[in-house]
1. Looking only at Cα atoms, what is the convex hull volume of the stretch 3-77 per residue, in Å³?
2. Antiparallel versus total DSSP beta bridges in the chain: what percent is that, nearest 5?
3. In degrees between 0 and 90, to the nearest 10, how far off the longest principal axis of the chain does helix 10-30 point, with axes built from Cα atoms?
4. May I ask for the Rg/Rh ratio of the chain, computed from Cα atoms with Rh as the Kirkwood radius, given to two decimals?
5. Do any GluC sites (Glu not before Pro) in the stretch 175-259 lie in a loop, going by DSSP, with at most 10 other beta-carbon atoms within 10 Å of their beta carbon, and if so which?
6. In the stretch 54-134, which GluC sites (Glu not before Pro) are in a loop and have at most 14 other Cβ atoms within 10 Å, using DSSP for the loop call?
7. So how tilted is helix 74-97 from the main axis of the chain? Cα-based, degrees 0 to 90, rounded to 10.
8. Write down Rg/Rh for the stretch 45-194, rounded to two decimals, with Rg from the C-alpha atoms and Rh from the Kirkwood relation over Cα pairs.
Amino acid sequence: MAASDLKPTLSGLGAQVKELSETLERLLKENSIEAPTLAADSPINISKYTSEIFVTKQKLQDSMNDLSIISQGPSESVFNYCHNVMPDAAALNIMNRFDFWSAVPLDGSASIADIAKHTSLPEEVVQRVIEHGITLRYFAYAKPPLASRVQHTSRSAALLKSSGLRALTDSCIELCGPPMMIMPEALEKYAVGKPNLTKNMKETAFALCHSGGNWGNYVTPWDYIENDGEGEKKGWLQRSFNEWMQYIKEIFNTNDVLLNAIDWRAAGEVKVVDIGGSGGHDSFELAKSYPNLNIVVQDLRECGPIFEKNVPTDLKSRVSFREHSFFNPQPVEADIYLIKLILHDWPDKECIDILRALRPSLKPGARIVFVDYVGKQAEFDPNLPRSIHQFGTSTDLRMMALFNCQERPVSAWKEIFHKADERFDIVRVDANPLTFLMIMEAIWRG
Ligand SMILES: C[S@@+](CC[C@H](N)C(=O)[O-])C[C@H]1O[C@@H](n2cnc3c(N)ncnc32)[C@H](O)[C@@H]1O
């Protein structure tokens, strides 16, 4: 970063904020997108429309962040952050876990007693959590004469309207929060004095956090997601995770990326295996668009019921679910293997094991369509807004906490394929930092 970038003035940043806000407003208008407000009837999403809108929005975010720092003062900005970050996360987590969202009608208001009844929490707890939530624009006091009641804002309404946003909150805060908070403990135990971060999955912050006690005994998040919960709650984390994956697809428009990842139509009448395909959401889209595809979705046990619940009747003859761990030898001989958002959750050794497990079923010419996240490239691109880099660096630290692995640039993915087996010929790579996704196609030489 140029030294002058580190000496902005308050009014200079204010002017940037004004200019970028006006550009964003104009772009929204030109694209016939209603601008968001803080009210409950606001549109809840604007980022998925065009890359120009997305980049402008992120530049505005950068300018506002800088303005926020220098307008508070450097030390006060740290003080305020430290003071608020945990209560902010805790309040959101509580409101999400106990579904405060649906306790308040979208076009009306609710009293604290109403919300307490709905959530089965003591009124005192609801009152205190809501008071903090209101400072963050989750809910607002209803206007007099109903000042003792609360109504939705656009943020709380977004959480009411979108099950994907609720699932994202579950996963990023409830599931990943505790391990991320004890990362220093894990690094103290497993990393201090070592030249490299351990790649042992038994030595992650996640495994340390889940080594008995309240959060159970699990080595990887997948063990936890598959096994937490009793009775009706069994499989709840896998269901929520499935929602999160669908939501990511919606937000980043990755459906188009998948549908155009290769020329699926030209592939002819082919069998596809969707490895780690969750409850089948990608396979349903593929099968709907391409009647020439016959797809087997493979994933862990708890994804089976999600698949059965969601599979459209007219696709049942062409899309099926098969419980299968991708560390075991691949049982299905297919023409195309789709590996989407799988390997980035694993250290190199496990990625290589997953790719090698395909070999027993690979026939010469079989295609691997690898779609994964490239949020963080090896080189820092100064032209991309910092807040876009932050998407990648946040995922990267989450990966460290959960799996002892990291976000990888394209070159690292190629190397993993080569190390797994030289007979994987990489024939195409397509990477776009704005969709955060890359597509790499490999053909098994045999
Ligand atoms: C990040 S999600 C990706 C899901 C889907 N491919 C997508 O792009 O939305 C990773 C998936 O890997 C699955 N998974 C984890 N461990 C697995 C294993 N050993 N065998 C098969 N699937 C596994 C999880 O259940 C989850 O559905």
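The values are calculated or read from the model by the stated rules, or taken from the named source; none is laboratory data. What you see is a predicted model, and the numbers here were worked out from it, not measured in a lab. Cβ atoms come from the backbone with ideal geometry, glycine included; neighbour counts cover every protein chain shown. Each accessible area value is taken on the protein alone, full model and side chains, heavy atoms only, with ligands, DNA and RNA left out. Shrake-Rupley method; radii C 1.70, N 1.55, O 1.52, S 1.80 Å.
1. On the way: hull volume 8.3 nm³, N = 75.
Spelled out: Cα convex hull of the stretch 3-77, divided by residues, is 111 Å³.
2. Numbers: 21 of 41 bridges.
In the chain, approximately 50 percent of DSSP beta bridges are antiparallel ones.
3. 60
4. On the way: Rg = 23.6 Å, Rh = 24.2 Å.
Expressed as Rg/Rh, it is 0.97.
5. Listed in order of number, the matching sites are E230.
6. Taking the stretch 54-134 and a limit of 14 other Cβ atoms within 10 Å, no loop GluC sites (Glu not before Pro) are found.
7. The two axes meet at around 70 degrees.
8. 1.04
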